[in-house]
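The values are calculated or read from the model by the stated rules, or taken from the named source; none is laboratory data. Only a predicted model underlies this, so the values are computations on that prediction, with no experimental measurement involved. Don't worry about glycine lacking a Cβ; one is built from the backbone with ideal geometry, like all the others, and counts go over all protein chains shown.
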């Protein structure tokens, strides 16, 4: 099924019965990236000892479970970035930037930003609607 895409973007995507354009997805990914950065750092800055952040992850069984979950998701994200990013021609410097951003800011910021870069690469590869 093909939607009504804007010029230079890939055909619209169907999600949950709603037509979503590539531009809309890009805007949503950018918004989610900003929310991910702001939301996580709002709480991070409330910690008295930010340097002890990683050691505190392993203090309780619940936080340890979340820590392992986060590490596995980050590793899967890195694998996705390396394979899909290369396949789509996303510049290596952007992928390295995202890898650093994952730990310097948050996965909640880096993952949506990667999805934005991915969507832009897909839109650039799509045939023109003209």
remark   = Within the stretch 77-125, the residues that are outside any helix (DSSP H, G or I), farther than 29 Å from residue 44 by Cα and in contact with a helix residue (DSSP H, G or I) (Cβ under 8 Å, 6 or more places away or on another chain) are 89, 90
request  = Check whether at least one residue in the stretch 27-47 is more than 16 Å from residue 122 (Cα to Cα), modelled with pLDDT under 95 and either touching a strand residue (DSSP E or B) at 6+ places or on another chain (Cβ under 9 Å) or crowded, with 17+ Cβ neighbours inside 10 Å (or both), and report yes or no.
outcome  = no
task = Would you check which residues across the stretch 57-72 are under 18 Å from residue 104 (Cβ atoms) and touching a helix residue (DSSP H, G or I) at 6+ places or on another chain (Cβ under 8 Å) and list them?
result = 57, 70
ask   = Taking only pairs six or more apart or across chains, which ones have beta-carbon atoms under 9 Å, a first residue in the stretch 60-87 that is under 18 Å from residue 99 (Cα atoms), and a second residue that is assigned to a loop (DSSP other than H, G, I, E, B) and modelled with pLDDT of 95 or more?
value = 81/90; 84/90; 85/91
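Condition check ((1) under 21 Å from residue 72 (Cα atoms); (2) surrounded by fewer than 18 Cβ atoms within 10 Å (Cβ to Cβ)) across all residues:
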{"site": "91", "(1), (2)": "no, yes"}
{"site": "94", "(1), (2)": "no, yes"}
{"site": "100", "(1), (2)": "yes, yes"}
{"site": "105", "(1), (2)": "yes, no"}
{"site": "110", "(1), (2)": "yes, no"}
{"site": "116", "(1), (2)": "no, no"}
{"site": "119", "(1), (2)": "no, no"}
{"site": "122", "(1), (2)": "no, yes"}
{"site": "127", "(1), (2)": "no, yes"}
